[in-house]
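Inspection log for the structure reproduced underneath, given as structure tokens.
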Amino acid sequence: MKKTGAWLVRYALEQLPVSHTFGIPGMQNTEIYDEIDQSERITPVLVTHEQSASFACDGLARSSDRVGVCLVVPGAGVSNAMSGICEARLDGIPLLVIAGSARLDTGKSFQLHQLDQQELVRGAVKKSWRIAHHAEIVKAIFDAYNEAVSGCPGPCFIEIPVEIQMLLGDVGDSLPRWEPLPVPSPDGAAIAAAVELIKKAKHPMIYAGWGCHNCPDELRSLAELLEAPVTLTMQGYGVFPGTHPLHVGMGFGASAVPAAKLAFELCDCLVAVGLRFAEVATGSYGIEVPENLIHIDIDPSVFDRNYPAKVKIASDAGLALAALAGALAGSRRPVNEVVRSKIREAKEKYYSEWISTRMQGVNPARFLRELGDAMSPEDYVLSDVGNHTFLMAEHFTVKKAGHFIAPCDFNCMGYATPAAIGVKLANPGSVVAAVVGDGDFLMTCMESLTARALGLGIVYCVFHDGELAQISQSQQLPYNRKTCTVLPDYDISGIAAAVGAEYIEIKEDAQIVPALSRARELAASGGTVIVDVRVSYEKKTSYTQGVLKTNLLRFPVAQRIRLVGRVVRRKFLPFI
């Protein structure tokens, strides 16, 4: 049996949980695009930039049980997509990246886009394949998918020379069929050891990360069984609903909100599940964990890297949580109304502090509270990267687990505008909104054209303050000046007009509710909406204040004196 390489790619992808490809066609992948265009199961999506293709793949994967497929030209297409590939690698998101490559059959050098792509992607993907024969294609794609979704998920890369795509090649008498890999059960002895620690604890607490995104029911069940407050990582902020009385916020160290700090004061046993104790999650490692730490993660290489654990369980989060709940079923703790009321009061007091602060523009805490109220539990909200990310972790209420998405450890600006496209394509019945800093929006704003062209109905809330706020705030205190963080003024309404999106401006708090209502109405009918939020960042988040303090105290005393002296000197003698 003879088939073209492009046909084999289509055949393999149609066996997998794949609904869309994202990218830009070129001379060295048009054969694959032509085949995908004939598929009844897979839709190719044209983007304006391959960076957006990889982000859109990421958004689709985070919000569904499907994998994003990035279909790009070799060379420039792959290098353009690298930001999203790296984001997926560090955040544990499954992606398939399929690229063309220069011809192998001409014997010629210096071909268009020719470079060693395996070396280019080596540090950013879990595994890569270079196809040399037609018969390798289907198995390579199946193997790449299984690798991408197993263990700690991540991106995998396949390059296929253009002549293999175009020409017929022998593939034998039959083609393989894909079968999913089994998920191993957690170690029984480790589960038993964790159960003993939890039973002895007076005040257990749960710290949950992105690894719990597929098991919200198991996470909630264990929290209620133990009456344990639940705190979250930034990436995992959406895995547990903010409406639950045991939800306390993000983190628990110096950079945490008051409710999380309060809940952690008495913690004598911490169940950390689906996380790696990374820098962002720990507020620049500004936390102290209890001696009785139970660490659950599917990747055993993360154990004891930053914080030592007494019990380590290498397992899928859902299986481990279910096993713990089953073993502890007879030890249900009564509802602690005192703790729950203190959590609720701490949250409301913190919010009141924010909305009582006089600001020149829109109060971000009020806006995010109203945004949460405006969205239904089935809707999706994304965050980009910047000051607004941590504001969302402090003031946005997730109504349903799995419906909030944010990039984290690679922390690549420009993520949310294209990622929202992937989320919407995976969840066409939901309204999708993205909160995007104005610096983020400048990077990938033209992808709102793709959203409009597809009639997707996405709301882009641009936090417009004219600065790269997270860094400018970090500059202001130690330097008393802002270097390369003040943006040139630009007209967001002009961008909306250029791409054919609806434009709504919010200059003051009184406009928030009617503006969001109108934006949701327009999005529900398929319109792309850009909301220009003239936000004020006069008040700093607990996260920003905590990280600055943590990092300052980490320096030797002599260096602290030098740095504080510079702050004082520049404050009173700003031209020095």
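Details
- Screening the candidates A81, A6 for the property of being over 20 Å from the mean Cα position of the chain (by Cα) and either touching a residue at least 60 places away in the same chain (Cβ under 8 Å) or outside the structural domain of A453 (by TED's automatic domain parsing) (or both) yields one hit, A6.
- Residue satisfying all of: in the stretch 439-455; in contact (Cβ under 8 Å) with a residue 60 or more places away in the chain and not in a helix (DSSP H, G or I); surrounded by the fewest Cβ atoms within 10 Å (Cβ to Cβ) among these: G455
- Subset tally (residues that are more than 23 Å from the chain's Cα centre (by Cα) and without any contact (Cβ under 8 Å) to a residue 60 or more places away in the chain) for the stretch 16-42: 13
- Subset of the stretch 135-172 (residues that are of a type in the set (G, A, S) and within 25 Å of the chain's Cα centre (by Cα)): A144, A148, S150, G151, G154
- Meets criteria (β-branched (V, I, T), under 26 Å from M250 (Cα atoms), crowded, with 19+ Cβ neighbours inside 10 Å and touching a residue at least 40 places away in the same chain (Cβ under 8 Å)) for I530: no
- Complete set of residues in the stretch 161-175 that are part of a strand (DSSP E or B) and of a type in the set (G, A, S): G169
- Scanning the stretch 425-437 for residues that are buried (at least 24 other Cβ atoms within 10 Å of the Cβ) and in a loop (DSSP other than H, G, I, E, B) gives no hits.
- Checking G422, G527, G494 one by one, the residue that is part of a loop (DSSP other than H, G, I, E, B) and not hydrophobic (A, V, I, L, M, F, W, C) is G527 and no other.
- Only listed residue being within 19 Å of the chain's Cα centre (by Cα) and surrounded by 19 or more Cβ atoms within 10 Å (Cβ to Cβ), chosen from V398, V362: V398
- Just one of the numbered conditions (1) touching a Cys at 6+ places or on another chain (Cβ under 6 Å); (2) not assigned by TED's automatic domain parsing to the domain that holds G26 is not true of K126: (2).
- Restricting attention to the stretch 120-152, the residues being closer than 17 Å to N80 by Cβ and of a type outside the set (G, A, S) number 3.
- Selected residue [assigned to a helix (DSSP H, G or I) and either crowded, with 19+ Cβ neighbours inside 10 Å or on the phi > 0 side of the Ramachandran plot (or both)] from I206, I191, I158: I191
- Scanning the stretch 83-122 for residues that are surrounded by 22 or more Cβ atoms within 10 Å (Cβ to Cβ) and among the hydrophobic types (A, V, I, L, M, F, W, C) yields I85, A88, I93, L95, L96, V97, I98, A99, V121.
- Tabulated pairs, the stretch 162-189, first closer than 30 Å to A314 by Cβ and of a type in the set (S, T, N, Q), second modelled with pLDDT of 90 or more and not in a loop (DSSP other than H, G, I, E, B), C-beta under 7 angstrom, 6+ apart or interchain: S185/L319
- Criterion violated by Y415 - all others in (1) on the phi > 0 side of the Ramachandran plot; (2) touching an Asp or Glu at 6+ places or on another chain (Cβ under 9 Å) satisfied: (1)
- G286 in contact (Cβ under 8 Å) with a residue 24 or more places away in the chain, in the same structural domain as F252 (by TED's automatic domain parsing) and not basic (K, R): yes
- Looking only at the stretch 301-332, and only at residues there that are within 18 Å of C212 (Cα to Cα) and of a type outside the set (G, A, S), the one that is farthest from the chain's Cα centre (by Cα): L324
- Answer residue from the stretch 211-221, given it is crowded, with 24+ Cβ neighbours inside 10 Å and assigned to a helix (DSSP H, G or I) and is farthest from the chain's Cα centre (by Cα) among those: L219
- Unmet criterion (only one of (1) in contact with a Lys or Arg (Cβ under 6 Å, 6 or more places away or on another chain); (2) not assigned by TED's automatic domain parsing to the domain that holds A272) for G372: (1)
- Subset of the stretch 297-334 [assigned to a loop (DSSP other than H, G, I, E, B) and among the small types (G, A, S)]: A309, S315
The values are calculated or read from the model by the stated rules, or taken from the named source; none is laboratory data. All values derive from a computational prediction rather than experimental measurement. With ideal geometry, Cβ positions are generated from the backbone for all residues, glycine too; neighbour counts draw on all protein chains shown.
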